[in-house]
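The values are calculated or read from the model by the stated rules, or taken from the named source; none is laboratory data. Everything numeric in this text was worked out from a predicted model, so none of it was measured. Counting neighbours? That spans all protein chains shown, and the Cβs are built from the backbone with ideal geometry, glycine included. For the accessible areas, the whole protein counts, side chains as well, though only heavy atoms, and no ligand, DNA or RNA atoms are used. Shrake-Rupley method; radii C 1.70, N 1.55, O 1.52, S 1.80 Å.
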Amino acid sequence: GIVAVSAVIFVYGPTMASYVPRCMAGTLLLHVGIDLFIEGVVESYHDYDRLEYSGIWLITVVMITFGMDAALVAGIIAALSTYAVQSITYQYPIRGAMTATRLRSSAWNRSFEAQEILMDKMKGRQRIYVIQMQGHIFFGNVTTMTDEIKRKLKEKCNADDKPIVVILDFSRVLGIDSSAAQTIAKLKDSILTNYGIELV
């Protein structure tokens, strides 16, 4: 059915289109343009930081003023500039490290038994080590990140404060490349083998 309809439109489409009022085609284009603007500019406001969102507006204004080709160039410039600024701002990939006693989550209504486990000094929050990451993690700084994590864990173990779980918090990470992801996967196996600590 779909093939037959497509074939008819392919053969007789230009003739049929001549009977469609021009205002209908213009209205359709206007409707699509408004929908794309709302989806790409208005509804994406909370999905990006100010620098990234200003790049979206730059592309929009350039496209309206100078056309698609100029907008593509503006998009490339905006993307490269945003990446450069974010990389300079967060050169060091580790934002901080602390036990889970300083990071209380209110997202879950835990049972009394679960609260008791978390408050236990031997297997609760005090034995959970959280390392917060930030910025872009890529092949240029992932080695620094892994060496620093190993150093921190070695210090914890030498101080007789060995954690049972290490959590890597990527909520502030802006991007990560494939080589960094593979290195982090190897880091997980290395920490488990050398220290007996689970990395999540």
Go through H136, H31, H46 and list them by solvent-accessible area, largest first, probe radius 1.4 Å. H46, H31, H136
How far apart, in nm, are the 7 Å Cα→Cβ label points at A181 and V41? 3.3
Tell me the accessible surface of T144 in square angstrom (1.4 angstrom probe, heavy atoms of protein chains only), to the nearest ten. 70
Straight-line reach check, K186, cutoff 19 Å on alpha carbons, 8 or more apart in-chain or any other chain, hits among aspartates and glutamates -> D147, E148, D169, D177, E198
Using a 7 Å offset from the Cα along the Cα-to-Cβ direction at both Y53 and D69, what is the distance between the two label points in nm, to one decimal? 3.3
Kyte-Doolittle mean at least -1.0 and Cα extent at least 20 Å along the axis: which DSSP H helices of the chain qualify? 22-37, 50-66, 68-89, 178-195
Note down the accessible area of R172, probe 1.4 Å, to the nearest 10 Å². 130
Kirkwood Rh, Cα Rg: Rg to Rh for the chain? 1.21
When the chain is treated as a Gaussian network with springs between alpha carbons less than 10 Å apart, the largest mean-square fluctuation among L28, L58, L187 is found at L28
